[in-house]
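Here's the structure we're looking at; comments come further down.
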Amino acid sequence: MAEFSLSLNEDQLQLQKWIHDFAEDVVRPVAHEWDEREEFPWPVVQEAARNGLYGLDFVANAFADPTGLTFPVALEELFWGDAGIGLAIFGSSLAAAGIFGNGTPEQIGEWLPQCYGDADNVMLGAFCVSEPDAGSDVSSLRTRAVYDAATDEWVLNGTKAWITNGGIADVHVVVAAVDPALKGRGQASFVIPPGTAGLSQGQKYKKHGIRASHTAEVVLDDVRVPGRCLLGGKDKLDEKLARAREAGHSGARQPAMATFESTRPGVGAQALGIARAAYEYSLDYAKERKAFGRAIIENQSIAFMLADMAMEIDAARLLVWRAAWQSRNGGLHRGEGSMSKLKAGRVAVWSTERAIQILGGYGYTREYPVERWHRDAKIYDIFEGTEQIQQLVIARAISGLRIE
Ligand SMILES: Cc1cc2nc3c(=O)[nH]c(=O)nc-3n(C[C@H](O)[C@H](O)[C@H](O)COP(=O)(O)OP(=O)(O)OC[C@H]3O[C@@H](n4cnc5c(N)ncnc54)[C@H](O)[C@@H]3O)c2cc1C
């Protein structure tokens, strides 16, 4: 077990600087442009791939860190540069995590590299759970997967909503109901290989923020995939279904509420990057901007806002680092993953709003980045489990009761 320490080791410090430089030199200068274009920033992702930041090796190395802190440190720096572009670079990791979490070693070996490709041929992954009528309540998925024993194929039908990289990804990991009566315990994950017939992109959403990240519907119309695309394999699924039928509905859990606990600190770290960007920018601005013959920071009302921002950001980082360390060393027991994501999302929304206040009229215009950061921050109250779902996870964990 790694010791918990607030001092980053030499490797982590180097990585932090490397990603900070990338965020400052490559990401920030084009962030406004890609936000306005609302398009996937291919050239930036390709540059990240050449640089070694986008790719399976990077993710595997970060994941191998026994302290668990490498991921949050990396994500905070990249998202400090820009959250939309950050998600374009890290969106494939959701699919990779889905494959890594559920696949056999052979499946991991086959599909994980195809979520990233290489510097000459960048590939993308998408993780498709949410549906138009099932977001927080993922136990109610309507997408069906039916086994065709004659051909040893699975046939998938349904519509997925809000999918990061949906339709432009090479590998789509789709969660579907095999036995809908069993709710969450009757579901399985499937890899839809590149170029599979029947999978298409539905509407592309026009969003409030993180507009460089591509979010779209994914339509599955009689999509046929070979049996080996069922993650974990059929024997394991059959056993799981048999156990679930035996237990009845009493043991049903909502996966969105529990299984993502260990990835939530990373999501919190992304929000932290946005919050820190807004804090640093407004601190500098407050020292420069003059009103009534003095720098605005000389007013306590402005200086105290910045003091609170510094404190809240540090508090959120402590929760993120604690949860990241715990998820690698001894587990998360009291909803600590949810606490870290909930706090960091709220701090990002609040800090970016305060930053607009500090910049006054300029903060409200697209000439300055703080209004973009505010728009970007809001997604952290919504995706990867809304604020209320995080509260539900924490409330259940601390009470031991099935709070509804
Ligand atoms: C930009 C973006 C990217 C996304 N990327 C992906 C992706 O890559 N893959 C994917 O699968 N999904 C993705 N999502 C979907 C996202 O995870 C869902 O939007 C989210 O889980 C919320 O679901 P919903 O939108 O259906 O809201 P709902 O579940 O309908 O919730 C609406 C409101 O009701 C509240 N609520 C719901 N249930 C409860 C309850 N039991 N108690 C208290 N309050 C409750 C919620 O907190 C929320 O305030 C993305 C979403 C967005 C916006």
## Note on the structure
Conditions (1) modelled with pLDDT of 95 or more; (2) away from the ligand (no atom under 16 Å from the Cβ) -> G331 fails only (1)
### Message
Just checking, does the stretch 310-331 include any residue being closer than 24 Å to L94 by Cβ, outside the structural domain of P132 (by TED's automatic domain parsing) and free of Cβ contacts under 8 Å to residues at least 24 places away in the same chain?
### Response
yes
### Query
Looking at L401, is it within 15 Å of the ligand (Cβ to nearest atom) and either in a loop (DSSP other than H, G, I, E, B) or not charged (D, E, K, R) (or both)?
yes
### Task
Kindly establish whether R346 is assigned to a loop (DSSP other than H, G, I, E, B) and among the basic types (K, R).
no
### Query
Got a sec? Which of A74, A83 is within 23 Å of H208 (Cβ to Cβ) and either at pLDDT below 95 or not assigned by TED's automatic domain parsing to the domain that holds A212 (or both)?
A83
### Query
Got a number for residues in the stretch 347-395 being farther than 24 Å from V30 by Cβ and either in the same structural domain as I210 (by TED's automatic domain parsing) or more than 16 Å from the ligand (Cβ to nearest atom) (or both)?
8
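Residue-by-condition table, conditions (1) touching a Lys or Arg at 6+ places or on another chain (Cβ under 6 Å); (2) surrounded by fewer than 24 Cβ atoms within 10 Å (Cβ to Cβ):
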site	(1), (2)
W80	yes, no
G84	yes, no
A95	no, no
G98	no, no
E110	no, yes
C115	no, no
V129	no, no
A134	no, yes
### Message
The conditions are (1) modelled with pLDDT of 95 or more; (2) under 28 Å from the mean Cα position of the chain (by Cα); (3) of a type in the set (S, T, N, Q); (4) surrounded by fewer than 19 Cβ atoms within 10 Å (Cβ to Cβ), and T259 fails exactly one of them. Which is it?
### Response
(1)
### Message
Being modelled with pLDDT of 95 or more, in a helix (DSSP H, G or I) and within 30 Å of G385 (Cβ to Cβ) is true for just one of I302, I297, I274. Which residue is that?
### Response
I274
### Task
Working only within the stretch 2-12, note down all residues that are part of a helix (DSSP H, G or I) and out of contact with any helix residue (DSSP H, G or I) (no Cβ under 9 Å at 6 or more places or on another chain).
E10
### Task
Quickly run through the stretch 313-356 and pick out the residues that are touching a Ser or Thr at 6+ places or on another chain (Cβ under 7 Å) and either hydrophobic (A, V, I, L, M, F, W, C) or surrounded by 24 or more Cβ atoms within 10 Å (Cβ to Cβ) (or both).
I313, L319, V320, A323, W325, L332, G337, A355
### Query
When you look at V219, is it β-branched (V, I, T), within 15 Å of the ligand (Cβ to nearest atom) and in contact with a Gly (Cβ under 6 Å, 6 or more places away or on another chain), yes or no?
yes
### Query
Restricting attention to the stretch 357-372, does a residue exist that is buried (at least 19 other Cβ atoms within 10 Å of the Cβ), out of contact with any Ser or Thr (no Cβ under 7 Å at 6 or more places or on another chain) and within 26 Å of L6 (Cβ to Cβ)?
no
### Task
Go over the candidates R228, R211, R245, R185 one by one and state the one that is among the charged types (D, E, K, R), in a helix (DSSP H, G or I) and touching a helix residue (DSSP H, G or I) at 6+ places or on another chain (Cβ under 6 Å).
R185
### Message
On the basis of being over 22 Å from G84 (Cβ atoms), of a type outside the set (D, E, K, R) and within 19 Å of the chain's Cα centre (by Cα), does L306 make the cut?
### Response
no
## Note on the structure
Only one of D133, D137, D170 is near the ligand (Cβ under 7 Å from one of its atoms) and among the acidic types (D, E), namely D137
#### Entry: Output for the stretch 173-182, where each listed residue is within 14 Å of the ligand (Cβ to nearest atom) and out of contact with any Leu (no Cβ under 7 Å at 6 or more places or on another chain)
V173
### Task
Of all residues in the stretch 309-337, count the ones that are within 20 Å of S351 (Cα to Cα) and touching a helix residue (DSSP H, G or I) at 6+ places or on another chain (Cβ under 8 Å).
10
### Summary
Flagged in the stretch 158-186 as touching an Asp or Glu at 6+ places or on another chain (Cβ under 9 Å) and surrounded by 24 or more Cβ atoms within 10 Å (Cβ to Cβ), in numbering order, are K160, I163, G166
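The values are calculated or read from the model by the stated rules, or taken from the named source; none is laboratory data. Fair warning: this is a prediction, and the values are worked out from it, not measured in the lab. In this analysis, Cβ positions are derived from the backbone assuming ideal geometry, glycine residues included, and neighbour counts consider all displayed protein chains.
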